[in-house]
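The values are calculated or read from the model by the stated rules, or taken from the named source; none is laboratory data. Predicted model only: the values in this text are computed from it and were never measured. Methodologically, a virtual Cβ is constructed for each residue, glycine included, from the backbone with ideal geometry; neighbour enumeration extends over all protein chains shown.
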Amino acid sequence: MDRCIVLVDAGYLLGAAASLLAGEPSRSRITVDHAALIQGLRDRAESDTQQPLLRIYWFDGAPDRVPQPEHRRLRVMPRVTVRLGALTRSDGRWAQKGVDAAMHAELTELARNRACSDVVLVTGDGDLLPGMMAAKEHGVAVHLWAVQAADGDYNQSEDLVAEADERRVLDRTWITKAVRAKELGGICAPPPVPRPEIAAILSAPLPESALSGTAERPAVEPARSARTETPRNGGEERVPPPKGVPTPKDLAALRAPGPHSAPHPPTSATLRWSSDKGWVDRPAAEPAEAASMPTLAQLTTAEQRWADREEDITTVGGDPYEVGQVFARRWLERLGDHGHLQRLSGMYPRIPHRVDGELLRYAARFGLLAHKDDQIDERDRYAIRAGFWREVDVRTATERTPAAE
């Protein structure tokens, strides 16, 4: 069959690009324009092989094989098929599992079925050598592409290079058409700084209400000083630690006047929120009007639910900021009472609890908020909520702008 197919090892392509542009193979150090990258691969493959493209296979790893935002963007592009292996963490490092085996199986199957006349391999792993040799035995021309190595290092198996029918190098000029290095220091949230007011609260004495439960107990109980003790049945019994650090409820009580404190106007506890507009103080208790705001599920018909799912699968890429915008757009379009929008604007940056939970559950569909490096990715949370508020700001500004006559 006179056509070409491209098999891409994403770990090799993007890792080598990161080494070339950012000095280290971490893909978090680069930003990728996937549409431009796929178009570049297609144009280069058709030019080198002189055959029309049948398909680009994108092989990558993902935690639990759950598609990440970049995979969702790729798999809805024309002529692109995404194949995912597992991404596991060992000794503090992430490693792909099953990607090489999947590439080998796809390569040999395509060659055996004579699905193409030319195959382009974008990889550096010598494990693909048996598959390359099998493809050649079935009459397929194998083109091997390498990414320009950083600092002159060789990043491709010499056996692959020797066995390939043709070889090309994707140099820095070609790579930078779709990939660029991220600037260091850019973060979504304000950096942590020393907060003397927090230290003062933590060092203040607890209110009597918080201490009443422990007043009758001595400061140290020798018989129960350990975290566990052995009961008669030989098992371990958990002993609750003594109360020493105030809970959020205790901290709220510190703001209210006690029975022995100097008289002063009563104040309610407040929370300080960080946002793109700086620090914003809001009452700790959620406003009463927040409970009256319906959730997106309550506003969505069965037909709209189907249309939303169709849009999620075919259009929404899964970028955290984009996810927040899409959710807010749907919710605001279906709100019958426009007074909710005005009340919501006054709560910024606090999203009503029920709506915020629904927003985060929606984001989880796209593989966001997953455990990365053994901790929840807070950057995604900031970006999701920032996208939500951006859409609210746009709608609020639109309603305030008088219609053109």
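Scan the range 106-118 for residues that are of a type in the set (A, V, I, L, M) and touching a helix residue (DSSP H, G or I) at 6+ places or on another chain (Cβ under 6 Å) and jot them down. Write out each step before concluding.
To start, the set of residues in the range 106-118 that are of a type in the set (A, V, I, L, M) comprises 107, 110-111, 115.
Passing the criteria: LEU107, ALA111.
Residues that are at pLDDT 85 or above, in contact with a Gly (Cβ under 6 Å, 6 or more places away or on another chain) and either under 20 Å from GLU70 (Cβ atoms) or assigned to a helix (DSSP H, G or I) (or both): does the range 315-324 have at least one? Give the steps one after another, and end with the answer.
Of all residues in the range 315-324, those at pLDDT 85 or above come to 320-324.
Imposing the further condition that a residue be in contact with a Gly (Cβ under 6 Å, 6 or more places away or on another chain) reduces the set to 321, 324.
Next, only the ones that are either under 20 Å from GLU70 (Cβ atoms) or assigned to a helix (DSSP H, G or I) (or both) stay: 321, 324.
Within the range 315-324, one or more residues are at pLDDT 85 or above, in contact with a Gly (Cβ under 6 Å, 6 or more places away or on another chain) and either under 20 Å from GLU70 (Cβ atoms) or assigned to a helix (DSSP H, G or I) (or both).
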Original post:
Of the numbered conditions (1) aliphatic (A, V, I, L, M); (2) buried (at least 18 other Cβ atoms within 10 Å of the Cβ); (3) at pLDDT 90 or above, ALA101 satisfies every one except a single condition; which is it?
Top reply: (2)
Subject >> Subset of the range 288-314 that is surrounded by 15 or more Cβ atoms within 10 Å (Cβ to Cβ) and assigned to a loop (DSSP other than H, G, I, E, B) - its residue that is modelled with the highest pLDDT >> reply: THR300
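Taking the range 30-55 as the region of interest, how many residues are among the hydroxyl-bearing types (Ser, Thr, Tyr), closer than 22 Å to LEU107 by Cβ and touching a residue at least 24 places away in the same chain (Cβ under 8 Å)? Let's see the steps before the verdict.
Our first condition is that a residue be among the hydroxyl-bearing types (Ser, Thr, Tyr); within the range 30-55, this holds for 31, 47, 49.
Okay, now just the ones that are also closer than 22 Å to LEU107 by Cβ, so 47, 49.
In the following step, the residues that additionally are touching a residue at least 24 places away in the same chain (Cβ under 8 Å) were identified as 49.
Summing the residues that are among the hydroxyl-bearing types (Ser, Thr, Tyr), closer than 22 Å to LEU107 by Cβ and touching a residue at least 24 places away in the same chain (Cβ under 8 Å) in the range 30-55 gives 1.
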**OP:** Would you point out the residue of the range 123-182, among those that are in a loop (DSSP other than H, G, I, E, B) and of a type in the set (Asp, Glu), that is nearest to PHE59 (Cα to Cα)?
**Re:** ASP125
**OP:** Considering (1) surrounded by fewer than 16 Cβ atoms within 10 Å (Cβ to Cβ); (2) within 27 Å of ALA35 (Cα to Cα); (3) in contact with a Gly (Cβ under 8 Å, 6 or more places away or on another chain), say which one ARG114 fails and leave the rest.
**Re:** (2)
**OP:** Provide a single number: the residues in the range 1-24 that are free of Cβ contacts under 8 Å to residues at least 60 places away in the same chain and either farther than 20 Å from LYS177 by Cβ or among the charged types (D, E, K, R) (or both).
**Re:** 1
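Yes/no per residue for (1) in a helix (DSSP H, G or I); (2) surrounded by fewer than 19 Cβ atoms within 10 Å (Cβ to Cβ); (3) on the phi < 0 side of the Ramachandran plot:
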| position | (1), (2), (3) |
| --- | --- |
| ASP2 | no, yes, yes |
| VAL6 | no, no, yes |
| ALA16 | yes, no, yes |
| ALA36 | yes, yes, yes |
| GLU46 | yes, yes, yes |
Original post:
Which ones in the range 74-96 are modelled with pLDDT under 85 and outside any loop (DSSP other than H, G, I, E, B)?
Top reply: LEU87, THR88, ARG89, SER90, ARG93, TRP94, ALA95, GLN96
**OP:** For the range 327-363, enumerate the residues that are part of a helix (DSSP H, G or I) and without any contact (Cβ under 8 Å) to a residue 24 or more places away in the chain.
**Re:** GLU333, GLY339, GLY357, ARG361
**OP:** Give the range 351-379 a look and list any residue that's more than 17 Å from GLN325 (Cβ to Cβ), in contact with a helix residue (DSSP H, G or I) (Cβ under 9 Å, 6 or more places away or on another chain) and at pLDDT 80 or above, or say none.
**Re:** PRO352, HIS353, ARG354
Original post:
Checking VAL66 against (1) under 18 Å from the mean Cα position of the chain (by Cα); (2) buried (at least 16 other Cβ atoms within 10 Å of the Cβ), which test does it fail?
Top reply: (2)
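Can you find even one residue in the range 33-40 that is touching a helix residue (DSSP H, G or I) at 6+ places or on another chain (Cβ under 6 Å) and either modelled with pLDDT under 95 or not hydroxyl-bearing (Ser, Thr, Tyr) (or both)? Full working, then the answer.
Initially, the range 33-40 is screened for residues touching a helix residue (DSSP H, G or I) at 6+ places or on another chain (Cβ under 6 Å), giving 34.
Now drop any that are not either modelled with pLDDT under 95 or not hydroxyl-bearing (Ser, Thr, Tyr) (or both), which leaves 34.
Looking through the range 33-40, at least one residue is touching a helix residue (DSSP H, G or I) at 6+ places or on another chain (Cβ under 6 Å) and either modelled with pLDDT under 95 or not hydroxyl-bearing (Ser, Thr, Tyr) (or both).
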